[in-house]
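Engineer: Below are the structure tokens for one structure; questions will follow.
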Amino acid sequence: MTSSPEPDPPPGSAADRPPDPPTDPPPGSNPALTPDLLRDIRADLEAQLAKLEKSMSVTEEAVRPVELDQQAVGRLSRMDSLQNQQMSQNLQERERARHAAIQAALRRIEEGSYGRCTSCGSALHPGRLMVMPEVEHCSDCST
Ligand SMILES: [Zn+2]
């Protein structure tokens, strides 16, 4: 029984060298989001926030109680203004929700957790983030 010693594998062969391990992205970050893209998204969020705050102050005016001109305006136009007020209140709710969502997104950028679903942690598609930068859930969790 003669067994020749196993020949050493040539250096650098794939046999005993595992391929380079994939560089793990830091937890919480989205590898698809490059710093450039993140900067664009952040600028977009800040611009939207500024615009929203402007329109919120207009809405604020519109939801003021409509009692002042009871004498001056007729019944119909009073109903109109009540209806308008109702619509403005709905608008205000939507604006407030969006305001909170944008601020939360900016906070996630600060914390480095932006771009991931806040429920399941999966990476959000950058295309989706560019359309709706304040989105916080993946399509699975947003239903
Ligand atoms: Zn999710």
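Each reported figure results from applying straightforward, stated rules to the coordinates on display, with no laboratory input. Keep in mind that what you see is a predicted model, and the values were worked out from it rather than measured.
Engineer: Under the Kirkwood approximation applied to all pairs of distinct alpha-carbon atoms, what is the hydrodynamic radius of region 35-114 in Å?
Structural biologist: Numbers: mean 1/r = 0.0679 Å⁻¹.
It is 14.7 Å.
Engineer: Let me ask something else. Tell me, in nm to one decimal, what length is gained between Glu61 and Arg94 on full extension, where the rule is 0.36 nm per residue of separation less the Cα-Cα distance? Display every interim value, and only then the final one.
Structural biologist: Values: separation 33, 0.36 × 33 = 11.88 nm, distance 1.57 nm.
Stretched fully, the Glu61-Arg94 segment lengthens by 10.3 nm.
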